């Protein structure tokens, strides 16, 4: 009897895993993304972090497939370490499985929700939830959970229906509270000891407008 | 009056103490520049350490604007101390050398005599601040170049280079008002105390107490607003992300009013005093 139950269990598991195929819509999107060999664009950055006040900055973004995305600016710019991978290179770097989570209506469009789970331990990502605009073959939102660096959310907007790269991107991420040594504080600085001892993290948002795209395809 | 002013200016230009003061300020600037050159990056790393876990930084924050801001922080203690020592000497030296009697034996009104000293003290203070700003600008921008400024005042505030420079200029102007107040205090102390060393000690004590009382809460916003130690940091308000001009203007106006009152008290006291 026990042997029979075990065989049945293994059979069910085998059938279950066999059904974990990669979503076809995601593969279409990936194929569109893979067509981009490199691009550069002007980025207008607005940082919204509770304890940082920074004016709007402009930078140049350069992406080349297989290489680290680089930024350059005449101003001093701060860019989040997480959340700038809007080509989702990191997500597709290692093998993964997908699980469909239904649909959601947003701005009159039906978005397909998909969980992407990397199956390779080398991947820095633990789980990604993608909101896909299947009709236009692009990702509108992604919620990424990493193994070591917390989670972040990316929201993308596009200038027109055919665009593959966003003209607006909003990345929300957790930021640790700022710890400033006393020596560097201005004499006017209000010191709230309770607040200073609190180890809470805050959510930071970086808003990026991307323009003047120069895209090279395969 | 103009002859008196001219004579006082001449005395100030001729006395070595004036150049010692300018030299001291220049030396402080040089020390700040050397420290920034060798340790600036490390200090900034410590300041921004907790942010480095979450952000990439593109560009450098160690630049002329940061150096100017550090030099501006000399307005808390170093610069007013030097100004108070020199300006009090304008009167105490006269007492020490006995030249005050010689001067007042001429057809000189006592009020005019002391007012000339107050005016020259103010002029000297403005020259010191202008010298401090110009020399730091030349050195800091030549060595470190321009760039964005970062200042921590409750929040980490970043300013673009051009905006930072404007704020620094305004801060120097506002700081000059505070320094003028200190110089007027210094002359008034000299009127009361007369002796150079004792006046210096009193001036230094005044400076220390002013700094200590900066954070004292007097209970009501009205009292806090008119309490002079709290007006001394007005220049720093230019480094909040949004400048609130009205309190800055009001603080400087109140400080100037206190300066006028001090000058009046000093002049009146000097007029009543026996010069012998």
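Take the Cα of residue B:13, step 7 Å toward its Cβ, do the same at residue B:56, and the gap between the two points is 5.9 nm. FRET efficiency for the residue B:169 to residue B:242 pair, using the beta carbon distance and R₀ = 25 Å, is estimated at 0.90.
Based on Cα contacts under 8 Å between residues 6+ apart, region B:2-272 shows a relative contact order of 26 percent.
Note on B:108, A:175: ascending count of other Cβ atoms within 10 Å places them as B:108, A:175, the fewest first. Residues considered: B:236, B:15, B:53. Largest GNM mean-square fluctuation over chain B, using C-alpha springs under 10 Å, is found at B:53. Return the FRET efficiency for the residue pair residue A:69, residue B:225: r is the Cβ-Cβ distance, R0 is 60 Å, and the value is rounded to the nearest 0.05. It comes out at approximately 0.75. Ordering A:156, B:232 by the number of other Cβ atoms within 10 Å of each residue's own Cβ, fewest first, gives A:156, B:232.
Averaging the Cα positions of each part gives two centres, and for region A:71-132 and region B:38-106 these lie 51 Å apart. Placing R0 at 22 angstrom, the Cβ-Cβ distance between residue A:161 and residue A:35 gives a FRET efficiency of 0.80 after rounding to 0.05. Given axes a ≥ b ≥ c from the Cα gyration tensor, I'd like to know whether region B:2-272 is rounded (a/c under 1.5), prolate (a/b larger than b/c) or oblate. Verdict is prolate for region B:2-272. At full extension, residue B:211 and residue B:35 could sit 60.9 nm farther apart than now, given 0.36 nm per residue minus the alpha carbon distance. Most mobile of B:29, B:94, B:242 per a Gaussian network model of chain B (Cα springs, under 10 Å)? Evaluated over chain B, the most mobile residue of the options is B:242.
Read-outs throughout are calculated quantities, based only on the coordinates presented, and are distinct from any laboratory measurement. Note that this is a predicted model, so its numbers are computed, not measured. We place every Cβ from the backbone using ideal geometry, glycine too, and count neighbours over all the protein chains shown.
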